[in-house]
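> Pasting a structure below so you can have a look.
The values are calculated or read from the model by the stated rules, or taken from the named source; none is laboratory data. Just so it is clear, the structure is predicted and the values come from calculations on it, not from any experiment. As a convention, Cβ positions derive from the backbone with ideal geometry for all residues, glycine included, and neighbour counts pool all protein chains shown. For the accessible areas, the whole protein counts, side chains as well, though only heavy atoms, and no ligand, DNA or RNA atoms are used. Shrake-Rupley method; radii C 1.70, N 1.55, O 1.52, S 1.80 Å.
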Amino acid sequence: MALFDLPLDELRAYRSGSTAPADFDTFWDKTLQEAREHDLDARFEPVETGLSTVEVYDVTFAGFGGHPVKGWLRLPAGATEPLPLVVEFLGYGGGRGLAHENLLWASTGRAHFLMDTRGQGSAWGGGGATADPVGAAPSYPGFMTRGIEAPESYYYRRVFTDAVRAVEAARSHPLADATRTVALGASQGGGITLAVGALVPDLVAIAPDVPFLCDFPRAATLTDRHPYREIGLFLKTHRGRLTDALRTLSYFDGVHFAARGRAPALFSTALEDETCPPSTVFAAFNAWAAEDKTIEVYDFNDHEGGGPFHEAAKVRWLRSYA
C-alpha cells in the first residue's frame, strides 16, 4: 500500500487526543511495588553454543506475580569489567529464540539481555520458553484483548512488569554496568520499551522502532491489520464495550508512558506501515518528554521499517550514550 496516513508535515505536529487516567502513576507504582515483594531470584546459567566471540547465559528471573520469566544474556567473550547494557524486548508473537541467535549487541562490546515474552514465542523465530500462568475472561485469539475487562487483569500489565524486572535482573549481573543501561525493541518490543522508559527513570537511552501499543483509540480505527484489529473483532462480538475497553487500554498506551519519559530517544517509523501506523508512532514521539530525541522516517517501507539500515543507525547513535 502507498501512503495512507497523514502527510509527513502533519505527522510531525500530530498529538493524540487520548488522555491518561487520573490514577495512571498510582496504578503503576502499586503494580511494581507488588512485583518487588517477590524475590527477583535472577539466575544465570552458562550455555555451550560453540561460539568463540560471545558467551551466552540462560536466564530465569521472577516477573509479575513472581512468575518465572526467561531470557538470554550475551556477553563479549573474555569480558572482565562491567559493560554498557542493552536490554531488548521482542515483537508480537516471537520468543527469545535459540542461544546462538541475536548477536549484534554483544558484538559491539556491550552486555545484551533479551527478555522472553510470556505466553508468546509460537508465531515466528526460534520459539519462546515463558508461560503465562494467569487466566482471563473471554478474549479474541491473540493477546490484545486478553484480560481487557479491567487494567488489573490486562495481559500487558504482566508483560510491562516483567520488562521492568528484566532490567533489574540484567543489572544484577556483575558484568553489567547498571549506570549505562539502554532499552530497545521493535514493534511490540518498541511499545514495551516506551513503558520501560517511563517506569525505569535512570536509563541512559531508549530506541523504540516502529513501536506498537501507541494511541489505541486511533490505531484501532485506522488500520484493519492485526494485531490492532483484534480489538475491533472483540468489540464486533462484545457490542457496547468500547468505552470500557478504551479505559483499560489507556493504562498501557505508549503515548502516556512517553509523557513520563526522560531518557534520550531514537524512534523510527515507516510511512507505509499499516501494522503500526505512522501517526500512532508520531503520537508517542511527539509526547516523549525528553528534549534529546529524534525520529528516523522510512518513506517507502511497511512494518519492516529501516531493517538493517536502522540497525546501523542505532549502533552509531548509541555510541554517544552507552
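> Any idea which of S52, S16 is outside any helix (DSSP H, G or I) and surrounded by fewer than 12 Cβ atoms within 10 Å (Cβ to Cβ)? Working first, answer last.
Working: S16 fails: surrounded by fewer than 12 Cβ atoms within 10 Å (Cβ to Cβ).
Only one candidate qualifies: S52.
> In segment 133-149, how many are open to solvent by less than 30 Å² (accessible area, probe 1.4 Å) and either closer than 15 Å to L199 by Cβ or of a type outside the set (S, T, Y) (or both)? Break it down into steps so the answer makes sense when it comes.
Initial filter on segment 133-149 (open to solvent by less than 30 Å² (accessible area, probe 1.4 Å)): 142-145, 147-148.
Within this subset, residues satisfying the condition of being either closer than 15 Å to L199 by Cβ or of a type outside the set (S, T, Y) (or both) are 142-144, 147-148.
The number of residues fulfilling the criteria is 5.
> Between a residue in segment 132-143 that is over 23 Å from K70 (Cα atoms) and any residue that is of a type in the set (S, T, N, Q), which pairs come within a Cβ distance under 8 Å, given they are 6 or more apart or on different chains?
Final answer for the pair search is A137/S153; S139/T145; Y140/T237.
> Got a number for residues in segment 95-124 being within 17 Å of the chain's Cα centre (by Cα) and on the phi > 0 side of the Ramachandran plot?
Summing the residues that are within 17 Å of the chain's Cα centre (by Cα) and on the phi > 0 side of the Ramachandran plot in segment 95-124 gives 4.
> Please go through segment 178-199 and give me each residue that is open to solvent by 10 Å² or more (accessible area, probe 1.4 Å) and in contact with a strand residue (DSSP E or B) (Cβ under 6 Å, 6 or more places away or on another chain), ordered by number.
Answer for segment 178-199, where residues must be open to solvent by 10 Å² or more (accessible area, probe 1.4 Å) and in contact with a strand residue (DSSP E or B) (Cβ under 6 Å, 6 or more places away or on another chain): R180, A186.
> Filter the strands (runs of 3 or more DSSP E) completely within segment 81-199 down to those with at least 3 residues that are within 27 Å of S250 (Cβ to Cβ).
Passing ranges, in order: 83-89, 176-186.
> Which of (1) open to solvent by 50 Å² or more (accessible area, probe 1.4 Å); (2) at pLDDT 95 or above; (3) touching a strand residue (DSSP E or B) at 6+ places or on another chain (Cβ under 7 Å) does W124 not meet, given it meets every other one?
Looking at each condition in turn, W124 falls short on (2).
> Then there is this: Sort through L266, L318, L249 and tell me the only one that's aliphatic (A, V, I, L, M) and over 30 Å from T26 (Cα atoms).
Details: L266 fails: over 30 Å from T26 (Cα atoms); L249 fails: over 30 Å from T26 (Cα atoms).
Going through L266, L318, L249 in turn, just one is aliphatic (A, V, I, L, M) and over 30 Å from T26 (Cα atoms): L318.
> Next up: Take A220 and tell me if it is open to solvent by 20 Å² or more (accessible area, probe 1.4 Å), touching a helix residue (DSSP H, G or I) at 6+ places or on another chain (Cβ under 7 Å), modelled with pLDDT of 95 or more and in a helix (DSSP H, G or I).
On the way: open to solvent by 20 Å² or more (accessible area, probe 1.4 Å): yes; touching a helix residue (DSSP H, G or I) at 6+ places or on another chain (Cβ under 7 Å): yes; modelled with pLDDT of 95 or more: yes; in a helix (DSSP H, G or I): yes.
It is true that A220 is open to solvent by 20 Å² or more (accessible area, probe 1.4 Å), touching a helix residue (DSSP H, G or I) at 6+ places or on another chain (Cβ under 7 Å), modelled with pLDDT of 95 or more and in a helix (DSSP H, G or I).
> Could I ask something else about it? How many of the residues making up segment 257-275 are under 23 Å from P21 (Cβ atoms) and either touching a Leu at 6+ places or on another chain (Cβ under 6 Å) or open to solvent by less than 10 Å² (accessible area, probe 1.4 Å) (or both)?
3
> Can you confirm whether F64 is surrounded by fewer than 21 Cβ atoms within 10 Å (Cβ to Cβ), modelled with pLDDT of 95 or more and of a type outside the set (D, E)?
Criteria not met by F64.
> If you don't mind, there's one more thing I want to ask. Does segment 235-253 contain at least one residue that is open to solvent by 50 Å² or more (accessible area, probe 1.4 Å) and under 27 Å from D9 (Cβ atoms)?
Taking segment 235-253 first, the residues open to solvent by 50 Å² or more (accessible area, probe 1.4 Å) are 236-244, 246-247.
Adding the requirement that they be under 27 Å from D9 (Cβ atoms) leaves none.
No: zero hits.
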